[in-house]
Structures are given as C-alpha cells and as structure tokens.
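Enquirer: This structure is in structure tokens; I'll ask about it shortly.
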Amino acid sequence: MSDQEPTTKTGAYSGIAKPRTARGISHAWRALRHRNFRLFFGGQTISLIGTWMTRIATAWLVYRLTHSALLLGTVSFAGQIPTFLFAPFAGVWVDRLNRRQVLVWTQSLAMVQSLALAGLTFSGHITIRWILVLSVTQGLINAFDMPGRQSFMVQMVEDRADLSNAIAINSSMVNMARLIGPSLAGLVIAATNEGWCFLIDGISYIAVIASLLMMRVHVPAVQRAATSMFNELKEGWSYVSGFLPIRTILMLFAVVSLMGMPFVVLMPIFAAQVLQGGPHTLGFLMGAMGVGALISALSLAARRNVRGLIRMIPIAAVVFGLGLIGFGLSHVFWLSMLMVFVAGMGMMQGMAASNTIIQTLVDEDKRGRVMSYYTMAFMGMAPFGSLLAGTLAHAMGAPWTVVGNGAVVVLGAAWFFTRLPALRRVVRPIYQEMGILPAAREMAAEQIQS
C-alpha cells in the first residue's frame with residue numbers, strides 16, 4: 001500500500017486537507033507544531049528520565065537488601081496490582097472529569113511518593129515494607145494517570161490526523177528517557193546511593209506539572225454522567241469485548257505484558273549473577289533496550305498514517321519473543337546487549353502500534369474507559385507476570401524463565417496472525433469512512449485498471 005495521505009478526510013480525520021510536509025524531520029515531528037504537545041513533550045521528557053532512574057534504583061535497592069528474585073517479583077507485583085484493580089473505575093472518572101486536572105493531581109502525588117522514597121533512603125530507614133507501601137501508592141496513582149494521559153493526547157493535538165504521529169513521538173520520548181535514565185541511575189548508584197535517584201525523580205516532576213499548567217486547552221464543558229458508575233463500567237466493557245479489533249489487540253497485549261515484559265524485573269539478576277557485573281551493567285542493559293525501543297518509535301514517527309500497523313503488531317511480538325529467548329540463553333555481555341536491543345525494538349513497536357490503532361478506532365465518549373482497559377492489559381497484567389517471573393526464577397533460574405516466556409510471546413503472535421483476515425474485514429470500512437483508505441468504489445476502479 002502507498003504511504004501517501006488521502007487528500008480528503010472524514011470521520012476522525014475530518015478537516016481541511018493541509019499541504020503535505022516534506023519527507024524527513026519536518027514530517028516525522030509534525031505533531032510538535034501543536035503548542036500544547038510541545039509543552040508536554042518538554043516537561044514529560046525531563047520527568048520520565050527521573051522516573052526511569054527511580055525504577056532502576058528501586059530494583060537495585062530491593063536486590064541489594066534481599067538478594068531475592070522472589071522479592072523482586074513481589075515488589076513489582078505490589079506496584080502494579082492496584083492498576084489492574086482500579087483502572088476500570090479510573091477510566092469512568094477520566095471520561096467524566098477534566099483530564100488535565102487529573103494529570104496535575106497524579107503528577108503531584110507521584111512527586112510526593114518519590115520524595116518520600118528519597119527521605120527514607122537518605123535517613124537509613126528504608127525497608128522492604130516501606131518499599132512495598134510506596135510501590136502500592138504509585139500503583140494507585142498510575143491507575144488514574146495512565147488512562148488520563150492516553151486520553152488527554154487527543155486534546156493536546158488539535159488535528160486528529162497528527163494523532164498517530166503524536167503517539168509515536170510520545171513513544172520516542174519514553175525511550176529517550178529509557179536510554180538516559182537507567183544509564184544515569186547506574187552511574188549515580190555506583191557513585192553514591194539510590195536515594196539521589198529518588199530525589200532527582202521527585203524534583204523532575206516539577207517540569208511536567210509546569211507544562212500542564214501552561215497549556216491552553218479548549219474542551220467542551222464536562223458533562224456530568226446521568227448514569228451510575230456501574231452502568232458506565234458495563235457500557236465500556238461491552239464496547240471493548242464486542243469490538244473485534246480492540247478485543248483482539250488487547251488480548252495479545254495482555255499475553256505480552258503477562259509473559260514478556262516482566263523480564264525487566266529479573267534484570268538485576270542477569271547483571272549481577274549471569275554477567276557478573278554491577279549497577280553499571282544493569283544500566284547498560286536497560287540502555288541497550290532503550291536504544292532499540294527508541295529506534296522503533298522513530299520509525300513509527302516517520303509513517304504518514306496508520307495503514308499497515310495491524311500487521312505490524314504480531315511481527316513486533318515475534319521480534320520481542322525471539323529477543324527474549326536469545327537474552328535468556330546468552331552468558332556473554334555483548335550478546336546480551338544485542339538481544340535486549342532486539343527485544344526493545346519489538347516491544348516498543350508492538351506497544352506503539354497497538355496504542356495508535358486503538359486511539360484511531362475508539363469513540364471519543366468512551367476513550368477514557370477504553371484506555372483504562374489498555375492500561376489494564378499493559379500495566380495490569382504485569383504484576384501477575386512479575387510475580388510469576390519471580391517465582392519461576394526462584395525455582396528454575398532467571399535465564400530459563402526468560403526463555404520460556406519468550407516462547408509464549410511467539411505463540412501469542414502466531415495466534416494473532418490467524419485473526420488478521422477477520423480484523424481486516426472489520427477495520428477496512430472504518431478506515432475508508434475516515435479517509436485513511438480509498439473508498440470501496442475507488443478501490444474497485446484501481447483493481448480494474450491494474
């Protein structure tokens with residue numbers, strides 16, 4: 001299929017056709033022409049570097065205090081299970097409330113949580129119990145923050161034709177932070193201690209809070225729901241479970257999150273035991289994964305529209321699964337770096353492609369609830385995966401756990417491939433209505449001419 005944009009757009013892509021930008025940087029970063037999104041990009045980039053520093057510092061602190069794979073998994077479970085339990089309710093509130101105000105509150109509370117971790121670590125009072133309590137707190141915050149942030153994206157980018165590019169740039173931003181944050185955390189931990197990582201993270205939230213407050217967002221007045229939360233939950237679930245493309249994408253995404261993504265929890269074990277390194281080794285591994293994910297996200301930013309992304313989802317899952325298998329089998333530092341690089345590419349390609357398609361297809365009045373289920377599939381399944389990974393690693397070792405999980409991800413991708421024909425039949429008329437694909441009459445004419 002051609003990558004050219006249609007000259008007329010309807011539905012979600014409605015509006016006057018704009019002149020096509022030149023190929024290259026101006027096209028790949030076109031969503032940054034929106035002032036609100038530029039503010040978000042700047043503030044969130046700074047904040048996410050701190051977030052990744054905290055993630056690495058927390059994992060290393062838990063391992064330093066306990067030397068237990070099981071507790072690594074348990075802490076990750078505690079930090080993510082609230083998202084699984086509360087995300088659907090949060091999605092209802094996101095659809096009801098001002099999304100920017102939701103994000104200001106969640107980012108402010110996350111800042112307090114990071115500063116509390118820093119204070120406890122500096123004072124020497126940090127324990128596994130405190131880490132568990134503060135991880136649960138962060139999980140509760142994420143239950144509201146993630147669907148709120150995903151839903152707010154469409155309000156920051158006024159031209160819906162730029163939405164897929166904004167999602168890809170957002171993924172690039174996350175992975176620039178993934179590249180810088182872990183490497184910086186490894187250096188900071190080696191030179192001082194984990195408390196400085198938590199302090200830097202807490203301070204970094206000021207940037208994103210300031211960017212949110214500086215935005216000029218024009219949205220309709222919030223309509224107070226006339227129905228109960230239960231009815232809205234039911235409506236959201238019926239929409240997600242009854243719409244084949246979203247249901248199928250979320251099912252594969254849940255498998256990938258359950259079996260694939262928790263390998264990050266076991267990274268300290270690979271760094272310390274398998275590769276005989278220290279915190280700097282962990283930082284390099286996370287950095288290599290970030291480079292792969294960043295390259296993948298930039299390739300998506302260069303795309304002109306969403307055509308072909310559904311096929312990309314299972315391909316990305318296969319790449320991710322094979323990268324995990326290779327990483328689990330490797331005992332050589334450079335090969336492990338290469339394998340996490342490959343895994344990072346596949347993981348980010350699948351995540352960004354899934355997010356883009358769902359955001360393109362979803363009805364606006366259900367966006368918060370649908371993105372809450374996306375959050376459940378992404379963050380909600382991860383706690384069970386972390387607990388499972390920690391338990392399996394305790395019983396059979398981290399390398400074979402990662403190999404087995406990678407094989408399950410590949411099998412999930414194979415299942416998704418079998419669903420592609422049915423997905424195309426449902427998505428094609430929607431894309432035609434939006435102007436992403438030519439209308440059926442035009443397609444028939446093209447086939448006759450060819």
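The values are calculated or read from the model by the stated rules, or taken from the named source; none is laboratory data. These numbers were taken from a predicted model, which means no experiment stands behind them. Counting neighbours? That spans all protein chains shown, and the Cβs are built from the backbone with ideal geometry, glycine included.
Enquirer: Testing I295 on (1) touching a helix residue (DSSP H, G or I) at 6+ places or on another chain (Cβ under 9 Å); (2) modelled with pLDDT of 90 or more; (3) of a type in the set (A, V, I, L, M, F, W, C), one condition comes back false. Which one is that?
Expert: Among (1) touching a helix residue (DSSP H, G or I) at 6+ places or on another chain (Cβ under 9 Å); (2) modelled with pLDDT of 90 or more; (3) of a type in the set (A, V, I, L, M, F, W, C), I295 violates only (2).
Enquirer: Here is a check on your reading of the model: is S151 assigned to a helix (DSSP H, G or I), modelled with pLDDT of 85 or more and crowded, with 23+ Cβ neighbours inside 10 Å?
Expert: Working: assigned to a helix (DSSP H, G or I): yes; modelled with pLDDT of 85 or more: no; crowded, with 23+ Cβ neighbours inside 10 Å: yes.
Spelling it out, it is not the case that S151 is assigned to a helix (DSSP H, G or I), modelled with pLDDT of 85 or more and crowded, with 23+ Cβ neighbours inside 10 Å.
Enquirer: Give the residue, chosen from A118, A90, A110, A143, that is among the small types (G, A, S), surrounded by 19 or more Cβ atoms within 10 Å (Cβ to Cβ) and farther than 25 Å from M371 by Cα.
Expert: On the way: A90 fails: farther than 25 Å from M371 by Cα; A110 fails: farther than 25 Å from M371 by Cα; A143 fails: farther than 25 Å from M371 by Cα.
Selected residue: A118, the only one of A118, A90, A110, A143 that is among the small types (G, A, S), surrounded by 19 or more Cβ atoms within 10 Å (Cβ to Cβ) and farther than 25 Å from M371 by Cα.
Enquirer: Here's a follow-up. Tally up the residues in segment 156-173 that are crowded, with 22+ Cβ neighbours inside 10 Å and under 30 Å from G277 (Cβ atoms), please.
Expert: Number satisfying all stated conditions: 2.
Enquirer: Those residues that are part of a helix (DSSP H, G or I), over 11 Å from M289 (Cα atoms) and of a type outside the set (F, W, Y), I need them from segment 325-343; list them, please.
Expert: I325, G326, G328, L329, L335 - these are the residues of segment 325-343 that are part of a helix (DSSP H, G or I), over 11 Å from M289 (Cα atoms) and of a type outside the set (F, W, Y).
Enquirer: Oh, and also: Among the residues of segment 413-435, is there at least one that is at pLDDT below 90, of a type in the set (F, W, Y) and part of a helix (DSSP H, G or I)?
Expert: yes
Enquirer: On to the next question. Could you pull out the residue among V332, V274, V256, V306 that is closer than 22 Å to M379 by Cα and either at pLDDT below 90 or β-branched (V, I, T) (or both)? So that I can check it myself, show each step before the final result.
Expert: Values: V332 fails: closer than 22 Å to M379 by Cα; V274 fails: closer than 22 Å to M379 by Cα; V306 fails: closer than 22 Å to M379 by Cα.
Matching residue, one of V332, V274, V256, V306: V256.
Enquirer: Regarding segment 218-235, can at least one residue be identified that is among the hydrophobic types (A, V, I, L, M, F, W, C), within 24 Å of the chain's Cα centre (by Cα), modelled with pLDDT under 90 and farther than 30 Å from V188 by Cβ? Explain how you work it out, then say what you get.
Expert: In the first step, residues of segment 218-235 are kept if they are among the hydrophobic types (A, V, I, L, M, F, W, C); the result is 219, 221-222, 225-226, 229-230, 233.
Keeping just the survivors that are within 24 Å of the chain's Cα centre (by Cα) gives 233.
Among the residues that remain, those that are also modelled with pLDDT under 90 are: 233.
Add one more test, that the residue is farther than 30 Å from V188 by Cβ, and what stays is 233.
Checked segment 218-235: at least one residue is among the hydrophobic types (A, V, I, L, M, F, W, C), within 24 Å of the chain's Cα centre (by Cα), modelled with pLDDT under 90 and farther than 30 Å from V188 by Cβ.
Enquirer: Pick out the one residue from A317, A352 that is buried (at least 24 other Cβ atoms within 10 Å of the Cβ), outside any loop (DSSP other than H, G, I, E, B) and in contact with a Ser or Thr (Cβ under 6 Å, 6 or more places away or on another chain).
Expert: Values: A317 fails: in contact with a Ser or Thr (Cβ under 6 Å, 6 or more places away or on another chain).
The conditions single out A352.
Results for (1) surrounded by 23 or more Cβ atoms within 10 Å (Cβ to Cβ); (2) of a type outside the set (S, T, N, Q); (3) over 17 Å from the mean Cα position of the chain (by Cα); (4) in a helix (DSSP H, G or I), shown as yes or no for each residue.
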residue: G42; (1), (2), (3), (4): no, yes, yes, yes
residue: A59; (1), (2), (3), (4): yes, yes, yes, yes
residue: V62; (1), (2), (3), (4): yes, yes, yes, yes
residue: G73; (1), (2), (3), (4): yes, yes, yes, yes
residue: A78; (1), (2), (3), (4): no, yes, yes, yes
residue: I81; (1), (2), (3), (4): no, yes, no, yes
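Enquirer: Please go through segment 151-181 and pick out each residue that is touching a residue at least 60 places away in the same chain (Cβ under 8 Å) and in contact with a Lys or Arg (Cβ under 8 Å, 6 or more places away or on another chain).
Expert: Hits for segment 151-181 are S151, V154, Q155, D159, A161, D162, S164, N165, A168, G181.
Enquirer: Do you know which residues across segment 382-408 are surrounded by fewer than 24 Cβ atoms within 10 Å (Cβ to Cβ) and either within 13 Å of the chain's Cα centre (by Cα) or polar (S, T, N, Q) (or both)?
Expert: Answer for segment 382-408, where residues must be surrounded by fewer than 24 Cβ atoms within 10 Å (Cβ to Cβ) and either within 13 Å of the chain's Cα centre (by Cα) or polar (S, T, N, Q) (or both): just T391.
Enquirer: Restrict the check to segment 383-394 and report whether at least one residue is polar (S, T, N, Q) and either modelled with pLDDT of 80 or more or farther than 30 Å from N305 by Cβ (or both). Walk me through how you get there before you give the answer.
Expert: First pass over segment 383-394, keeping only residues polar (S, T, N, Q): 386, 391.
Applying the additional criterion that residues be either modelled with pLDDT of 80 or more or farther than 30 Å from N305 by Cβ (or both) yields 386, 391.
Yes; the residues of segment 383-394 include at least one that is polar (S, T, N, Q) and either modelled with pLDDT of 80 or more or farther than 30 Å from N305 by Cβ (or both).
Enquirer: Count, please, the residues in segment 182-210 that happen to be touching a residue at least 40 places away in the same chain (Cβ under 8 Å), over 18 Å from L48 (Cβ atoms) and of a type in the set (S, T, N, Q).
Expert: Residues in segment 182-210 being touching a residue at least 40 places away in the same chain (Cβ under 8 Å), over 18 Å from L48 (Cβ atoms) and of a type in the set (S, T, N, Q): 1 in total.
Enquirer: Whether any residue in segment 184-199 is modelled with pLDDT under 80 and β-branched (V, I, T) is what I want to check.
Expert: Residues of segment 184-199 modelled with pLDDT under 80: none.
No, segment 184-199 contains no residue that is modelled with pLDDT under 80 and β-branched (V, I, T).
Enquirer: When T360 is evaluated against the numbered criteria (1) closer than 30 Å to F89 by Cβ; (2) among the hydroxyl-bearing types (S, T, Y); (3) touching a Phe, Trp or Tyr at 6+ places or on another chain (Cβ under 8 Å); (4) surrounded by fewer than 24 Cβ atoms within 10 Å (Cβ to Cβ), which criterion, by number, is the only one it fails?
Expert: Tallying (1) closer than 30 Å to F89 by Cβ; (2) among the hydroxyl-bearing types (S, T, Y); (3) touching a Phe, Trp or Tyr at 6+ places or on another chain (Cβ under 8 Å); (4) surrounded by fewer than 24 Cβ atoms within 10 Å (Cβ to Cβ), T360 fails exactly one: (3).
Enquirer: Follow-up question, since we're still on this one. Answer yes or no: is there a residue in segment 356-376 that is within 18 Å of the chain's Cα centre (by Cα), closer than 27 Å to L132 by Cα and among the aliphatic types (A, V, I, L, M).
Expert: yes
Enquirer: Could you check A28 against (1) of a type in the set (G, A, S); (2) crowded, with 21+ Cβ neighbours inside 10 Å; (3) at pLDDT 80 or above and say which number it fails?
Expert: Failed condition: (3).
Enquirer: May I ask you to list the residues in segment 275-308 that are in a helix (DSSP H, G or I) and either in contact with a strand residue (DSSP E or B) (Cβ under 7 Å, 6 or more places away or on another chain) or surrounded by fewer than 21 Cβ atoms within 10 Å (Cβ to Cβ) (or both)? Talk me through it step by step, then tell me what you get.
Expert: Going through segment 275-308, the residues in a helix (DSSP H, G or I) turn out to be 279-301.
Hits for segment 275-308 are H280, F284, V291, I295, L298, S299.
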